[in-house]
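Following: one structure in structure tokens, then a few remarks.
The values are calculated or read from the model by the stated rules, or taken from the named source; none is laboratory data. Keep in mind the model is a prediction, meaning the values are calculated, not measured. Cβ placement follows ideal geometry from the backbone for every residue including glycine, while neighbour counts extend to all protein chains displayed. Areas reflect the complete protein model, heavy atoms only, side chains present, ligands, DNA and RNA absent. Shrake-Rupley method; radii C 1.70, N 1.55, O 1.52, S 1.80 Å.
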Amino acid sequence: MREFQKKWARRVFTADMLFVVVVTLVASLIGAWLKQYPGFSLFGALIIALLIGMMLQFPIRRWCVAASKSSQQRRAGIKDAAGLISNKLLRLGIILLGFKLNLTVLFTQGIKCLPIAALVVTFSIMVTYAIARRLGVDPMLAILVAGGTGICGAAAVMGLSGAIRVPEERETEKADDVTMAVATVAIMGTVFALAEIAFGPLTGMSHTQLGIMAGASLHEIAHAVAAGAAFGAVDIATIMKLSRVLMLVFAAIIIAIWWDKRHSQVAGGGKRVVAFPWFMLGFIAASVIGTFVPFVAAITAQLVNVAYIVLGMAMAALGLTVNFKAIAVQGRRVFLASFLASILLVFLAAGVAKLFF
């Protein structure tokens with residue numbers, strides 16, 4: 001135990017860790033500030049934090065560019081610190097995000113939304129994954145994009161990444177896939193949010209139906225809220241979207257088991273351990289506490305703000321280490337897969353909205 005504590009102390013209490021914490025916290029706070037302005041609100045704080053992290057990678061890389069031993073150690077230290085922050089803080093952020101889910105509202109006003117959410121999430125994940133694989137996208141990136149498209153954008157990508165276990169030598173590849181998936185669903189969500197806001201009223205659907213369509217088809221919570229507000233149906237759009245967010249728990253568990261059976265890289269005689277996403281239990285616990293404990297319910301908004309700050313730090317840390325060359329290799333194929341799946345998702349969402357509302 002003492003050796004374990006010493007090992008973690010050497011990783012956590014370092015100048016490089018302090019530097020990365022400050023940089024990612026500033027990036028997250030800037031994202032939280034910018035999201036309140038028109039245009040930026042469609043991207044949301046998490047995507048802005050990721051973009052800031054990606055831009056900061058270049059000056060930081062120049063700072064570490066010298067060939068001396070000390071600069072090489074600094075670069076390795078920054079990479080390790082960024083990896084630790086993106087890995088651990090994303091779990092904490094997902095847990096805190098659970099306070100956003102009011103279970104009473106979901107199981108009363110949103111009772112019709114829950115089965116629709118289950119259908120939409122299942123359809124989206126399966127179809128997006130199938131299209132991506134058909135286009136030659138690797139399985140890990142395909143399932144991350146599928147989850148982000150079907151559930152709740154960047155938060156889903158990060159949550160599902162915790163359900164995927166890979167060997168240590170593939171951790172960098174996994175981080176690149178997470179970044180690529182987040183960028184894909186952010187751009188697609190923004191494109192389709194603008195398209196729905198522009199063309200939704202021309203469909204002849206009621207305000208409620210348009211709200212349901214937005215909540216059932218758009219990728220990020222910010223996208224659904226923006227479109228719902230444009231349609232005068234922000235409440236039902238948000239409830240529909242949060243119903244999909246709830247499906248993240250079940251999707252993470254199922255994908256963890258599926259990944260272990262289909263893509264485990266442990267040798268036949270080795271010990272196989274399913275990467276069960278235990279932090280999802282914390283997500284559910286936070287939802288229960290936020291719904292039924294009065295004094296916690298009173299500060300739910302503040303807790304959710306903290307969740308987004310923490311997740312923003314994790315996103316900025318991902319941006320600091322992203323491999324742009326690796327992203328460019330599969331970029332066009334995964335964008336096409338997400339685009340085609342998003343079109344199908346809009347038609348499905350519009351169909352269920354007209355049929356049940």
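Using a simple spin-label model with points 7 Å from Cα along the Cα→Cβ vector, what separation in nm is obtained for ALA285 and ALA328?
For the pair ALA285/ALA328, the computed spacing is 4.5 nm.
Would you work out which of ALA82, ALA117, ILE212 lies farthest towards the positive end of the dipole of the chain, given +1 charges on the beta-carbon of Lys and Arg and -1 on that of Asp and Glu, about the Cα centre?
The residue sitting most towards the positive pole is ALA82.
Let me make sure I get this right: for the chain, a, b and c are the square roots of the gyration tensor eigenvalues over alpha carbons, sorted descending. Under 1.5 in a/c it's rounded, otherwise prolate if a/b > b/c, else oblate. Which is it?
Because a/c hits 1.5 or more and a/b exceeds b/c, the chain counts as prolate.
Do you know the relative contact order of the chain, to the nearest whole percent, from alpha carbon pairs under 8 angstrom that are 6+ apart?
In percent, rounded to a whole number, it is 32.
Full-extension gain between TYR37 and ILE254, please, as 0.36 nm times their residue separation minus the C-alpha to C-alpha distance.
Full extension from TYR37 to ILE254 adds 74.4 nm.
Need one word for segment 279-357: rounded, prolate or oblate. Basis is the Cα gyration tensor (sqrt eigenvalues a ≥ b ≥ c); a/c below 1.5 gives rounded, then a/b vs b/c decides.
oblate
Quick check: at a probe of 1.4 Å, how many percent of the accessible area of the chain sits on carbon and sulfur atoms?
The C+S portion of the solvent-accessible surface of the chain is 69 percent.
Compute the FRET efficiency between PHE295 and HIS263 as 1/(1 + (r/R0)^6), taking r as their Cβ-Cβ distance and R0 = 56 Å, and round to the nearest 0.05.
Efficiency computed from Cβ-Cβ geometry: 0.80.
Set the Förster radius R0 to 25 Å, insert the Cβ-Cβ distance between LEU340 and THR172 as r into 1/(1 + (r/R0)^6), and round the FRET efficiency to 0.05.
E between LEU340 and THR172, to the nearest 0.05, is 0.30.
Over segment 79-232, give the accessible area per residue in Å² for a 1.4 Å probe, as an integer.
Ligands and nucleic acids excluded, the result is 34 Å² per residue.
So how strong a dipole does the chain carry about its Cα centre when Lys and Arg Cβ are +1 and Asp and Glu Cβ are -1, to the nearest 20 debye?
900 debye
Just reorder TRP259, TRP33 by solvent-accessible area, largest first, 1.4 Å probe, all chains present.
Descending accessible area places them as TRP33, TRP259.
Along the charge dipole of the chain, Cβ charges K/R +1 and D/E -1, which of PHE192, VAL296, ILE48 sits furthest on the positive end?
Sorting the options by dipole projection puts first ILE48.
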